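A short write-up of the structure that comes next.
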Amino acid sequence: MKRNILIEPDPILRKICKPLEKVDDSIKKLMQEMLETMYAAPGIGLAAVQVGILKRLVVIDISKDKENREPLFFINPEILHKSKKTSVYEEGCLSLPGQFAEIERPAECTLKYVDLNGKQKELKAEGLLATCIQHEVDHLNGILFIDYLSKLKKDMIIKKLVKHKKEIERVIV
Ligand code: GNR
Ligand code: NI
């Protein structure tokens with residue numbers, strides 16, 4: 001089942017998510033639903049908090065080909081190391097529809113996480129994957145990419161989103 005994605009401004013998106021204690025079937029089902037929601041959007045990553053669940057869960061798929069999907073599931077992801085070298089990507093966020101900005105982040109990172117089988121794993125990432133991992137781990141800590149922009153740019157985006165949310169409401173009510 002596809003879930004509803006929360007849109008900024010929403011106080012839920014600013015909460016700190018709780019680590020998961022154990023991987024059971026309900027978590028596997030939830031992460032499949034997160035993946036379905038992300039593919040439908042479409043997006044390349046999704047944190048559970050974006051569908052209103054305050055747990056440290058992330059799904060990512062940066063593969064281009066719809067026929068050969070490569071989903072990644074991260075439970076309790078922790079960034080162990082970030083490179084000094086940085087890179088800049090134009091970021092979007094499913095919780096900031098229609099908004100994009102160039103964001104500078106460490107170009108490489110090493111991630112520790114638990115997989116769907118409950119096993120501890122490590123992954124070294126670079127390129128778009130490294131950026132996406134950092135974007136998703138930020139979500140788990142209540143951070144959005146607009147927090148890295150000037151107050152002026154951030155306020156402009158939030159103003160647009162408030163207007164956008166009012167328009168959605170008007171269609172529904
Ligand atoms: O779909 C998404 N694209 C994207 C592009 C550049 C950097 C990060 C991302 S993640 C985003 C989906 C999303 O909001 N994940 O939280
Ligand atoms: Ni996002």
Just one of L111, L128 is under 20 Å from S63 (Cα atoms) and more than 12 Å from ligand 1 (Cβ to nearest atom); which is it?
L111
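Give the stretch 69-101 a look and list any residue that's of a type outside the set (V, I, T), within 16 Å of the chain's Cα centre (by Cα) and not in a loop (DSSP other than H, G, I, E, B), or say none.
Correct list: L72, F73, F74, N76, P77, E78, Y89, E90, E91, A101.
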Can you find a residue in the stretch 42-52 that is in contact (Cβ under 8 Å) with a residue 24 or more places away in the chain and away from ligand 2 (no atom under 16 Å from the Cβ)?
no
Taking into account only those residues within the stretch 60-88 that are within 15 Å of ligand 1 (Cβ to nearest atom), modelled with pLDDT of 95 or more and farther than 19 Å from A47 by Cα, which is surrounded by the most Cβ atoms within 10 Å (Cβ to Cβ)?
S87
Residues (in contact with a Ser or Thr (Cβ under 8 Å, 6 or more places away or on another chain) and either away from ligand 2 (no atom under 16 Å from the Cβ) or not in a helix (DSSP H, G or I) (or both)) located in the stretch 5-41
I5, L6, I7, E8, D10
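The values are calculated or read from the model by the stated rules, or taken from the named source; none is laboratory data. Here the structure is a predicted model, which is why all the values come from computation and not from measurement. Every residue, glycine as well, gets a Cβ built from its backbone with ideal geometry; the counts of neighbours run over all protein chains shown.
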